[in-house]
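The values are calculated or read from the model by the stated rules, or taken from the named source; none is laboratory data. Quick caveat, the model's predicted, so the values are computed rather than measured. All Cβ positions, glycine included, derive from the backbone under ideal geometry; neighbour counts span all protein chains shown. In case anyone asks, the SASA skips ligands and DNA or RNA and just uses the protein heavy atoms, side chains included. Shrake-Rupley method; radii C 1.70, N 1.55, O 1.52, S 1.80 Å.
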Amino acid sequence: MPATTGSHPQRWLILGVICLAQLTVLLDNTVLSVAIPSLTSELHASTTDIQWMINAYSLVQSGLLLTAGNAADRYGRKKMLAAGLALFGLGSLAAGLAGSTAQLIAARAGMGVGGALLMTTTLAVVMQIFGDEERVKAIAIWATVASLGFAGGPLIGGVILNHYWWGMIFLINIPVAVVALVAVLKLVPESKNPQGERPDLLGALLSTIGMTSTVYAIITGPAHGWTSAEVLVPAAIGAVVLAAFALWELHTPYPMLDMHFFRNEKFVGAVAGAILVMFGMGGSLFLLTQHLQFVLGYEPLEAGLRMAPLALTVVALNLTGVGPRIVMKLGTSPTVAVGMTLVAAGLASIALLGGGTDGTYWGMLLGLVLMGIGLAVANPAMANAIMSAIPPEKAGVGAGINGTLAEFGNGLGVAVLGAVLNARFAALVAVTASSLPAALAAAGGEAERRQISDAFATGLQTSQLVGAIAVFAGGLLAAALLKRAERAEKALAAEQPVAA
């Protein structure tokens, strides 16, 4: 049946179901970070292996999100949501039982396929079952769960690892996926656009290859050298393939990403903000969990608890409706600027006040709270801006774009900020080990271990400052573009009565 535009009588219960499904997927973006010490010791994983365990999931997911959104619009959002839950559950089973780094990376890539179907359909369903008067509040709740899933992973992972082996962080997904699947089949109404477009399989292939090649070059840069063939070749492949993707999308009759969306400054501004917020957040959390455990010596649960203020701040502010109220009072562009400035200030606080080896936590706590406030303010505004810039019949594509930006920004943040840290670390200490734990284990004495820890902390500070600069610059750019779009909309609205 066609997509509905009114409110569904069970809309709030359905929102709870799809938020549960979304929470499971998003937790997997960060829950792996607290398992890094276990994976390093039990699977002998190097830093590059760890980065690929994280990026295999996010890159496959981001490469398929747009195609999944097209498929949901054409074939039915309920069908794709159910299929995504099933695939995600099976992938979690394979990951939990993996016996090597290669198996775990492959399983994570498989989970990314299910995650792509889930991420596109959850927001699309929200757009379909809520009327205009409640949609902003529903999106704010959806964004709260998104932020909670992203920021709450370290805490949940720490609780699990405090009692079980690392495989349980994946196996625990299975009962949640089963419950959500049953609820989706019983409660969620089917909606689709009968005139939807065919899935763009070549576009999906090109985008996945292009992004994977680009991030591979960034990850391997510190190890091989930025001018080496091992880095320049995949970087060139990534640039060429992404250019080919853009050309293909401009000329194919059924593009998975309508490149004309980028003529809309409101869309472009929200896109820029979403990518750079997740860039800073993804790289920051990836590095902070290692700093808390490897340098400051906390156990996984202790590290997770110390990361919890970020998630708690986001939940507290969004559940009290702070984000939507600020948007309605200030407008979209000032809200995005304020939110991203706070995220940048949080990253800078961690770098300047909380990134040392002396065991202090207060600077890091201040940074986490500032980042949480920034996320609670900026994320609902950006999600609403992206979705409102896209026609309602392409809600799945809009959700796919929103999810693609988040996943690609997260994966790129892990790669870039991880590469900055590794380059700075290698410049300060002459070690050949493939990871910080291996370097500490190979150290000749306490003085050398202290030197290695100090070098890692210095690399962390540098990488966090790079993230802060990127987020702040992105906030200014996003706000400027959104402001111009708002002025254009007001001018057009003023002209219409005159023309009539």
Estimated distance in nm for a label pair at ASN162 and LEU205, the labels positioned 7 Å out from Cα along Cα-to-Cβ: 4.9
Cα-based helix-to-principal-axis angle, 300-319 vs the chain, degrees rounded to 10: 20
Surface/4 of the Cα convex hull for the range 261-491, nm²: 13.3
Residue range of the chain that is longest and free of chymotrypsin sites (Phe, Trp or Tyr not before Pro) which are both DSSP loop and sparsely packed (at most 15 other C-beta within 10 Å): 1-163
Å³ per residue enclosed by the Cα convex hull of the chain: 136
Scaled radius of gyration (Cα, divided by 2.2 N^0.38 Å) that the range 9-187 gives: 1.02
Cα-based radius of gyration of the range 259-318 once divided by 2.2 N^0.38 Å, which approximates compact folds: 1.60
Added length on full extension, which subtracts the Cα-Cα distance from 0.36 nm per residue, ARG487 to ARG263: 79.1 nm
Extended-chain gain in nm, criterion 0.36 nm per residue less alpha-carbon gap, ALA441 and ALA243: 66.9 nm
FRET E, pair ASP454, THR252, Förster distance 56 Å, beta-carbon r, rounded to 0.05: 0.60
Accessible-area composition of the range 9-187, carbon plus sulfur, in percent [1.4 Å probe]: 71
Hits among lysines - C-alpha to C-alpha of LYS78 under 20 Å, sequence gap 8 or more where chains match: LYS186, LYS192, LYS394
The range 201-256: proportion of alpha-carbon pairs further apart than 12 angstrom, %: 61
Within the range 261-491: Cβ-based charge dipole about Cα centre, in debye rounded to nearest 20 (Lys, Arg +1; Asp, Glu -1): 820
At R0 = 41 Å, FRET efficiency that the Cβ-Cβ distance of ALA427 and ALA94 yields, to 0.05: 0.60
Set of lysines with alpha-carbon distance to LYS329 below 27 Å, sequence-local pairs under 8 removed: LYS137, LYS266, LYS483, LYS490
Cβ-placed point charges (K, R +1; D, E -1), dipole of the chain about Cα centre in debye, nearest 20: 860
Extension gain, ALA480 back to LEU305 (0.36 nm per residue minus Cα-Cα distance, nm): 59.3 nm
